Amino acid sequence: MMRRPRATRAKAVKYTDSDLSQVVSSDDEDNEEWKPLEPKPKDAAAGQKKRSAKPKEPKAPKQPKAPKVPKAPKVPKAPKVPKDAKPRAPRKPAPKVQAAKVLQDSGAPGLAGTKRKRKDDKAGEDKGGKQTEEEMAAESGPSTKMKEERVSFIVSDAHQLDRWAGEGSSLAGLKPKKEEVEDDFTFDMPCVKKQKTTGACMRQPTALPSSQAQALRNELDMSWDLIELLSTLTCVERWVCVNIIGLLREENTVPFMVRYRKEMINHMDADAVRDVQLVYEELRTLSKKTQSVVQTLKKDGVLTPELEQNLRSCRSADELDHVYTPYKKGSKLTKARRAKALGLEVAASALMEKPHTLDLNAWVKSGTEGLSSVKEVATGVEHILADMIAKDPETLTHVKTLCENSFVTMQSSVSKSALKEKGQQKSVQGHGKPGAHQNKSKDLDKFQLYTDFTCNVQRIQPHQTLAINRGESLKILTVKMNIPDRVKSDFTKWRPKTFAREELHVIIRNAVEDSFKRLILPFLTRSYRTKLTSAAEKESIAMFVRNLRQRLLMCPVRGCVIMGVDPGFRHGCKLAVLSPNGQILHTDVVYLHNPNQQREADKLRHLMMKYGCTRVVIGNGTACRETESFFADLISRRYCHPLDVSYW
């Protein structure tokens, strides 16, 4: 049965000391049946002693204070009310939570806990010679009501807690949780160091010195900031990129930076630093290629300020090729260049900026090819607008974002030439000698998995990309990038904010569609193929590194545990314990050339005894002689007895 909360009964009843004592005693008797914690009778006995001892102290002052009845006229005093209202401070939830904790720990009812606390407070006030709250409540009516409300709230809260405890609610949340002590970190396998992601740069410079920055800017001569772009592409903090560029320009190697410049590179590992170095070299190569393209176009006389700005704004080799391809020697004049040669670039600019002033009939010139009719003029303007849209960096970024949110696939199939040769081979089978046709058929069998292959570009495996590229180079496979129609529909929704006539809006709409189909779509295909090939090549190199690492980590001596030691003075000697199968059992660092050599010797003996290590291999480098003499001394003293330890 669930208890009914007694808060409903405490409406306007004044609790006297005798009533409260009866309530406390009755609650104690009821709670003795389900009291969970029995080992705490001392606290209950101590509380009873306090209850029996402390009421005697206030009884003495109550007798002489009986004649203080004439103090009743002090009740109408207004300033007394705020003074009595000061005890509202204890109404904060702290004592209530404490009462709940007493309920959980000792099993006593909430009212007994509150009564005990009130008596403790009253006894402390009596010792100071001050008037108790109960006497002030007896003298003033408003304060008595406030006290009744407080008692009723405490009683209701206490019984509410009892009810929740009976129902098995979340009262355990009030108990402080004990912190679990984590075990010390041990090295089972070499972990990859991760750079810190904090915003603090530890007083490191966020930009190169002015002289170096100016020299680098003159060397690159691009419109983007190298450090900002490098930080964006590699997801490395700006100040780390500044330090890495400075160290690379000083001709420091990656191993040197990882070992002796840890603070400057934010404790990055060698692979992460090497990735930043590769991106930095790619950007430098892009800047050199851009300068050569600018010089070539300048000699041809086709370089314009706008074209030069577009070239220097390219952030990848694909974008540079996309901008430079129409101007290469030997290539046919593009439709946009032909229209510009006719002088229609002014008309295209007027259509985008001031469409109400454009009159296509004014550009018609009879007898001139490309300007003989209004239709030809409109077609030339469309070609110029399509070229402008396709070379706009913001437009390309928008299209790439649409593709990233879509399902772009890579599809491969058998080429027509391969099918033709296969048919010819069947026709001449049995009449000629085995030769090139049979070799071609064998190659076709190798790519049987990719004759009808389709996969999402985000899930395609690196080995699949390389296999498809090999089949394409052998003219066995045909590769196609499938970009969803939703990308085209979302892209063609774009309209310039111009108030043009309907026939001019038709020109703009046709220019957007022509730009996507004829210029942007091939650019996206080349971009995806380049990214997939680059990622596959990097993964192939990483796979080779992993395989080689497993080969190099094979145990040189079979059937025994080996401890490898990389000697050193300042940074200590690095240890690695290898199992008979070549697995890393433990890695550590010991400082054998410091004053605390005995402690390090004990550490070595502990590791050798723990893993049963009998062979020590010392590297040939700094402090190798001193390390060798240290181990020789340990072996001569049979420090690791009963193990028979030897070093190489």
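Where a number appears in this text, it was derived from the coordinates with a stated rule and is not lab data. Just so it is clear, the model here is predicted, and its values are computed rather than measured. Heads up, the Cβs are rebuilt from the backbone with ideal geometry, glycines too, and the neighbour counts pull from every protein chain shown.
See the values below:
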| item | result |
| --- | --- |
| Added length on full extension, which subtracts the Cα-Cα distance from 0.36 nm per residue, Thr622 to Thr492 | 40.1 nm |
| Residues Thr206 and Asn581, FRET efficiency given R0 of 60 Å [Cβ-Cβ distance, rounded to 0.05] | 0.80 |
| Given Lys420/Lys446; Lys416/Lys475; Lys426/Lys475; Lys354/Lys517; Lys289/Lys475, the pairs whose alpha carbons are separated by over 21 Å | Lys354/Lys517; Lys289/Lys475 |
| Relative contact order of region 210-331, pairs being alpha-carbon contacts under 8 Å that are 6 or more residues apart, as % | 26 |
| Two-site label geometry, Ala535 and Asp445: point separation in nm, points 7 Å out along Cα→Cβ | 3.4 |
| Potential lengthening between Asp602 and Ala542 on full extension [0.36 nm per residue; Cα-Cα distance subtracted] | 17.6 nm |
| Where labels lie 7 Å past Cα in the beta-carbon direction, separation of His267 and Glu228 in nm | 3.1 |
| FRET efficiency, 1/(1 + (r/R0)^6) with R0 51 Å, evaluated for Tyr260 and Thr296 via beta carbons | 0.70 |
| Gain on full stretching of the segment that runs from Thr401 to Gln309 - 0.36 nm per residue minus C-alpha separation | 30.8 nm |
| Value of relative contact order over region 551-644, rounded to a whole percent, pairs C-alpha under 8 Å and six or more apart | 30 |
